[in-house]
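Read through the structure below, which is laid out as structure tokens, and then see the notes.
The values are calculated or read from the model by the stated rules, or taken from the named source; none is laboratory data. Just so it is clear, the model here is predicted, and its values are computed rather than measured. As a convention, Cβ positions derive from the backbone with ideal geometry for all residues, glycine included, and neighbour counts pool all protein chains shown.
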Amino acid sequence: MQLDLFAAVLDEYLQSGSLSNESLYAHLGRAGAVQPAAFAQRTAIGASGEQHSPAKRRVRWIQQTLKAMGLIERIPQQRGVWRATTKAKADLTPAQPKVVLLGFHTELGIGIWGNAVDVLNRIDEPVSLFLTSPPYALRQPRAYGNPSQQAYVDFITSTLEPICRTLAPGGVVALNVSNDIFVEGSPERSTYREELVLAIKSRCGLALMDSLIWLNPCKPPGPIQWASKQRMQLGVAYEHVLYFTNDPHRCKADNRRILQPHTPAQRRLIERGGENRTAVNADGAYRIRPGSYGNATAGSIQRNVLNVSHNCPSQRALRAKTDALGLPRHGAVMPLKLARMLVEFFCPPGELVVDPFAGSFTTARAAEDTGRRWICGDKHLEYVLLGQHRMQPAVA
């Protein structure tokens with residue numbers, strides 16, 4: 001089933017305010033959602049054999065579906081004129097269980113409206129990278145919903161089970177999870193993350209390769225109660241990206257794809273042929289000999305602390321577009337720079353990246369920009385509509 005026309009109809013109401021049916025048909029034709037000539041074509045429909053336009057009937061069926069969902073409404077005393085409701089501009093519309101609809105596509109990927117497990121169960125080709133930032137284990141759920149700490153391990157492992165069946169040999173599973181979850185009413189940190197790692201190993205059969213640190217200098221102050229008021233904790237500054245694979249010896253990650261520029265000091269050291277001294281450090285664990293570090297290389301190996309600010313031009317542009325469309329903003333976004341780095345490190349060019357909690361479709365944008373194929377989905381229609389706009393040329 002195609003969500004393209006469904007999304008296009010709702011998009012027209014969100015952008016135009018109110019539209020008569022004839023105006024809607026014209027808008028859809030100009031946008032390329034339906035060939036204009038299709039609205040003029042008529043065929044015999046029903047037992048009476050009356051002539052009708054199949055294209056117009058499809059649009060009117062979508063109107064009735066949107067009405068039933070509370071997303072559009074008739075304007076009183078104006079025949080055939082509809083407008084978007086307040087709900088369409090503020091609330092989130094979840095997909096029905098077992099229903100998976102195509103929202104949009106590019107040459108490299110597809111955006112899907114559907115629940116995470118339903119999306120993953122439809123994938124029947126090898127997946128090289130499963131990269132996602134799933135909902136955090138928060139006590140106060142955000143608009144898109146969050147599992148509790150108690151349910152979190154089951155929530156994640158049950159989501160991973162279908163992807164493990166299609167994960168290519170050496171494929172990577174990477175999860176961005178919060179480090180700032182506390183036992184309720186206490187400064188004690190939750191051990192949910194450690195429990196999650198053990199469960200993924202035992203229940204999903206995945207090997208932990210690393211727990212990357214995403215250092216975010218723009219992270220807001222917190223935890224307020226335990227750092228700012230009680231002073232028992234330090235201010236938070238990082239999150240984890242848990243990095244697993246099903247075959248450590250054939251892992252598809254390759255740090256040569258994200259080499260960093262040499263510092264001026266490193267370049268000078270290479271240019272002069274390396275060290276000219278002899279030294280022994282750390283009780284012999286590290287030895288420096290003449291010529292050490294003198295080989296010319298393409299760059300420095302990226303450290304496993306990723307210093308990436310949340311201040312992202314691409315996300316700012318998307319927020320402006322979101323506000324202009326009157327759609328709800330996503331409450332948790334990943335900077336595009338971080339997503340690009342992870343996609344390039346974990347996945348070879350041309351292979352498949354999957355994210356079933358797409359949110360603002362940052363994984364999709366990163367995969368598209370770097371030449372990877374992608375399948376990304378979200379359970380909320382509004383975020384799929386935003387994803388469609390996100391796939392317009394990105395702001396670097």
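Within the stretch 357-396, being among the β-branched types (Val, Ile, Thr), more than 19 Å from Ala320 (Cβ to Cβ) and assigned to a loop (DSSP other than H, G, I, E, B) holds for one residue alone: Thr370.
Of the residues making up the stretch 201-208, none is out of contact with any helix residue (DSSP H, G or I) (no Cβ under 6 Å at 6 or more places or on another chain), under 28 Å from Asn307 (Cβ atoms) and among the hydroxyl-bearing types (Ser, Thr, Tyr).
In the stretch 279-296, the residues that are on the phi > 0 side of the Ramachandran plot and assigned to a loop (DSSP other than H, G, I, E, B) reach residues that are surrounded by 11 or more Cβ atoms within 10 Å (Cβ to Cβ) and small (Gly, Ala, Ser) with C-beta atoms within less than 6 angstrom, at least six apart or across chains, in these pairs: Gly291/Gly274; Tyr293/Gly274.
Hey, does the stretch 341-356 have a residue that's among the aromatic types (Phe, Trp, Tyr), part of a helix (DSSP H, G or I), assigned by TED's automatic domain parsing to the domain that holds Pro169 and within 16 Å of the chain's Cα centre (by Cα)?
Of all residues in the stretch 341-356, those among the aromatic types (Phe, Trp, Tyr) come to 345-346.
With the extra rule that they be part of a helix (DSSP H, G or I), the set shrinks to 345-346.
Okay, now just the ones that are also assigned by TED's automatic domain parsing to the domain that holds Pro169, so 345-346.
If we keep only those that are within 16 Å of the chain's Cα centre (by Cα) as well, we get 346.
Within the stretch 341-356 (the criterion being among the aromatic types (Phe, Trp, Tyr), part of a helix (DSSP H, G or I), assigned by TED's automatic domain parsing to the domain that holds Pro169 and within 16 Å of the chain's Cα centre (by Cα)), the answer is yes, since at least one residue qualifies.
Picking from Asn307, Asn311, which residue would you name as being farther than 28 Å from Leu120 by Cα, at pLDDT 90 or above and over 15 Å from the mean Cα position of the chain (by Cα)? It would help to see each step written out before you state the result.
Numbers: Asn311 fails: at pLDDT 90 or above.
Only one candidate passes the filter, namely Asn307.
Meeting the requirement of 3 or more residues that are more than 24 Å from Asn176 (Cβ to Cβ), the strands (runs of 3 or more DSSP E) wholly within the stretch 83-137 are 101-105.
If a residue counts only when it is surrounded by 13 or more Cβ atoms within 10 Å (Cβ to Cβ) and free of Cβ contacts under 8 Å to residues at least 40 places away in the same chain, which strands (runs of 3 or more DSSP E) contained entirely in the stretch 156-261 have at least 1 such residues?
Working: elements: 167-177, 207-215, 238-245.
Counting at least 1 such residues, we get 207-215.
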